[in-house]
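This report refers to the structure that appears directly beneath it.
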Amino acid sequence: MKLTHYLPLATLALGALASCSKGDHGTATNPGKASSTTGIEYNTDKGMTVANFKRPPEGPGLVFIEGGRTVLGSQEEDVTMTHDNIERTVTIASFYMDEAEVANIHWLEYLHFIKQDSTEEAYKAALPDTMVWARDLSFNDPYVTYYLRYPGFRYFPVVGVNWQQANDYCTWRTAKVNENLALKGGDGGGKKSKKSKKGDAAPADGAAEGGATAGAAGALGDGKSTTSLENGTSLPNYRLPTEAEWEYAAQALIGTQEVGNENQEEKRIYPWDGRTTRNPYGKKMGQFLANFKRGRGDYAGIAGSLNDGAMITEYVYAYPPNDYGLYNMAGNVNEWVQDVYRPLSYQDVEDLNPFRRNGVLDPADKYDKSPVNGKGGYQSLIDDKVRVYKGGSWRDVAYWLSPGTRRFMAEDSATSTIGFRCAMINAGSNK
């Protein structure tokens with residue numbers, strides 16, 4: 001993970017502190033020996049404790065996504081006639097995102113710790129719905145039994161996970177990563193903390209905001225942590241990316257920009273160059289760049305020349321990464337994002353870090369969810385419990401591979417075509 005633009009949240013205040021020497025302004029990593037506003041020395045009986053800070057700890061699995069101005073919205077013809085993602089110019093702050101989708105092995109690790117640290121009820125609540133593979137008129141029965149747990153599928157994306165379960169995983173992951181940092185000293189690149197006797201270091205406090213379930217929080221444990229926000233020794237929360245973050249990262253237009261040119265002169269239909277879904281270069285010329293459904297009944301090509309190589313999901317590091325280094329931002333599985341769905345989000349949300357919350361403008365009671373009763377009532381699927389998913393899947397045609405397309409589903413529902421990846425803020429930076 002690149003760390004050149006990353007500063008912990010707590011150091012925002014420290015950046016304004018200066019040392020006592022005239023003209024020597026303080027920085028986050030060198031705040032000086034005393035306050036420039038009171039003259040009181042730090043780390044004394046009378047002064048404030050200012051932790052030694054050199055660099056933040058690394059967030060496992062994350063890739064730095066440099067933010068900036070972009071045009072979000074559908075680049076494809078609106079064949080569904082929903083008009084729910086019309087182009088608009090926005091700015092997205094830099095953030096971090098998992099380089100690949102959360103895989104079966106990662107979810108099995110989650111289940112391992114939930115079973116070890118929490119209740120049987122929490123463990124059952126964390127289980128993916130493997131029955132998403134079952135189809136009345138298709139022999140997918142082996143996937144029901146083997147897809148999640150068989151070793152050969154370890155690095156295939158976890159599916160059968162609903163939006164709520166994905167959020168709980170993010171909460172657990174935050175706690176577990178910060179707990180591991182505490183066990184290692186949690187120094188964030190500075191001086192190491194004193195190790196607890198007999199390896200009894202406790203997990204991080206304040207690991208995640210919001211209401212984690214008992215299962216997600218089960219690994220947190222008790223006691224005080226050797227990491228803290230003020231010391232810069234704990235990581236911010238892992239979370240689902242916002243829809244805008246996800247779409248921006250999938251576009252990866254950083255790969256089209258010339259140094260010093262502020263004009264975004266090129267656009268992309270997909271997360272790669274060109275207007276087709278095939279590789280135009282080198283030894284892999286003609287091969288598909290994503291795992292998707294080529295047409296009616298055609299999921300992978302013909303024997304002896306399987307093109308996208310996958311009848312169902314595929315290895316999470318298959319296919320070339322985009323220009324941010326992210327794998328499978330088109331195809332393989334759709335991915336949950338944070339946003340609640342509204343068809344007019346594009347015109348309602350702000351133009352800096354746009355995000356759609358519950359209960360803000362366009363309220364759910366404006367949508368008629370009453371059953372069609374023979375009197376001509378209109379039945380809507382929209383409420384505050386439906387969430388956006390993006391990216392297209394192994395079962396989708398190429399139209400859904402375009403980052404601007406969007407769909408939605410109830411947050412407590414799951415399918416064999418939706419997975420997720422985590423994101424994290426770029427704390428302590430205004431970029």
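The values are calculated or read from the model by the stated rules, or taken from the named source; none is laboratory data. The shown structure was predicted, so the numbers you read here are calculated from the model rather than taken from an experiment. Here Cβ is always computed from backbone atoms with ideal geometry, including for glycine, and neighbour counts include all displayed protein chains.
If I filter region 379-431 down to residues being among the hydroxyl-bearing types (Ser, Thr, Tyr) and more than 23 Å from residue 68 (Cα to Cα), which single residue comes out as modelled with the lowest pLDDT? Looking at residues that are among the hydroxyl-bearing types (Ser, Thr, Tyr) and more than 23 Å from residue 68 (Cα to Cα), I get 380. Across region 283-331, the number of residues qualifying as surrounded by fewer than 19 Cβ atoms within 10 Å (Cβ to Cβ), at pLDDT below 95 and either in contact with a helix residue (DSSP H, G or I) (Cβ under 6 Å, 6 or more places away or on another chain) or not in a loop (DSSP other than H, G, I, E, B) (or both) comes to 6. Any idea which residue in region 235-282 is surrounded by the most Cβ atoms within 10 Å (Cβ to Cβ), counting only those that are among the polar types (S, T, N, Q) and under 26 Å from residue 337 (Cβ atoms)? Here the answer is 251.
On inspection, residue 106 fails the criterion of being without any contact (Cβ under 8 Å) to a residue 24 or more places away in the chain, in the same structural domain as residue 390 (by TED's automatic domain parsing) and not in a loop (DSSP other than H, G, I, E, B).
When you check residue 99 against the structure, is it within 27 Å of residue 317 (Cβ to Cβ), free of Cβ contacts under 8 Å to residues at least 12 places away in the same chain and assigned by TED's automatic domain parsing to the domain that holds residue 243, yes or no? No; evaluated as a whole, the condition is false for this residue. Criterion applied to 394, 336 was being assigned by TED's automatic domain parsing to the domain that holds residue 68, out of contact with any Pro (no Cβ under 7 Å at 6 or more places or on another chain) and not in a strand (DSSP E or B), and the one residue passing it is 394. Being assigned to a loop (DSSP other than H, G, I, E, B) and without any contact (Cβ under 8 Å) to a residue 24 or more places away in the chain is a property that holds for residue 362.
In this structure, is residue 59 within 25 Å of residue 424 (Cβ to Cβ), at pLDDT 85 or above and outside the structural domain of residue 322 (by TED's automatic domain parsing)? It is true that residue 59 is within 25 Å of residue 424 (Cβ to Cβ), at pLDDT 85 or above and outside the structural domain of residue 322 (by TED's automatic domain parsing). Residue check: residue 370 meets all listed conditions (1) under 21 Å from residue 252 (Cα atoms); (2) free of Cβ contacts under 8 Å to residues at least 12 places away in the same chain; (3) of a type outside the set (D, E, K, R) but one, namely (1). Among the numbered conditions (1) over 21 Å from the mean Cα position of the chain (by Cα); (2) modelled with pLDDT under 50, the only one that residue 185 does not meet is (2). One residue stands out in region 125-173 among those that are assigned to a helix (DSSP H, G or I) and either touching a strand residue (DSSP E or B) at 6+ places or on another chain (Cβ under 6 Å) or among the small types (Gly, Ala, Ser) (or both): the one that is surrounded by the fewest Cβ atoms within 10 Å (Cβ to Cβ), namely 152.
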